[in-house]
Amino acid sequence: MYVLIGGAGLVGLSLAQKLVELGHNVAIIDINPIACRYAREQVGVMAFEGSAVSTEVLLEAGVRKADSMAAVLRSDALNLAMVTLAKHYGVSHILSRMRHRDFAEPLRIAGANHIISTVDLAVSTMVNAIEYPQVESMMHFEQGQIEVLKLSIPQSCYVVGRSVAEIVQDSQFPTGSLIIGYQPHPHEDLTIPNGGTVLEPGSTVLLVTKPGSLHQVVDFIEGCR
């Protein structure tokens with residue numbers, strides 16, 4: 001996949017590095033020659049010096065052949081302009097970083113398929129870390145209507161030694177919640193459990209639930225015998 005990134009700041013370079021590790025072809029556009037040189041020499045991607053909202057630079061960078069484009073420029077206005085141009089040149093998958101919520105609708109209308117609010121993401125992550133310090137990670141889907149959380153199984157909790165089928169059929173297990181992943185040991189792969197999978201102490205589960213059931217799920221999994 002050919003991915004075009006507008007902006008060689010910390011986010012842009014980190015995104016490029018991760019995409020390269022996943023085997024994608026990546027190009028970055030930035031007005032800073034030092035950042036472009038770093039992208040070429042340290043990250044190993046193509047870098048085009050110039051404005052990411054310049055049609056000439058975009059065409060030189062191959063915007064017409066890009067499978068995906070990510071706008072992570074220094075301002076929402078520039079990201080909006082880049083999204084508009086990417087849509088004009090036929091990029092089918094467009095992502096944009098957003099700092100101010102007022103740009104959400106303009107970015108959507110311009111053609112952004114995914115809009116990532118850096119402020120909302122940071123605040124949400126910190127709130128979750130404060131409210132649920134025992135949860136290893138948490139992700140939100142469908143504008144926060146669905147939550148996916150990764151939770152460790154304590155040594156002496158209610159679910160240890162019980163099968164997934166027994167757990168989900170328990171009247172105290174929140175309705176509409178599911179155990180969708182299981183990792184017996186930190187060094188083992190995450191697997192998809194079946195009804196007969198038995199939870200071991202020190203293992204990790206991946207659960208999907210609704211925001212209103214988060215406390216119930218955590219309390220149930222961590223409940224003492």
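The values are calculated or read from the model by the stated rules, or taken from the named source; none is laboratory data. Note that the structure is predicted; figures quoted are calculated from it, not measured. No Cβ is skipped: glycine too gets one built from the backbone with ideal geometry, and neighbour counts run over all protein chains shown.
General remarks:
- Yes/no for Val205 being aliphatic (A, V, I, L, M), in a helix (DSSP H, G or I) and touching a residue at least 24 places away in the same chain (Cβ under 8 Å): no
- Among the candidates Arg40, Arg74, residue that is surrounded by fewer than 20 Cβ atoms within 10 Å (Cβ to Cβ) and modelled with pLDDT under 95: Arg74
- Condition check for Gly7: crowded, with 18+ Cβ neighbours inside 10 Å, within 20 Å of the chain's Cα centre (by Cα) and not β-branched (Val, Ile, Thr): yes
- Residue match in the range 188-196 (condition: more than 30 Å from Ser75 (Cβ to Cβ) and surrounded by 13 or more Cβ atoms within 10 Å (Cβ to Cβ)): yes
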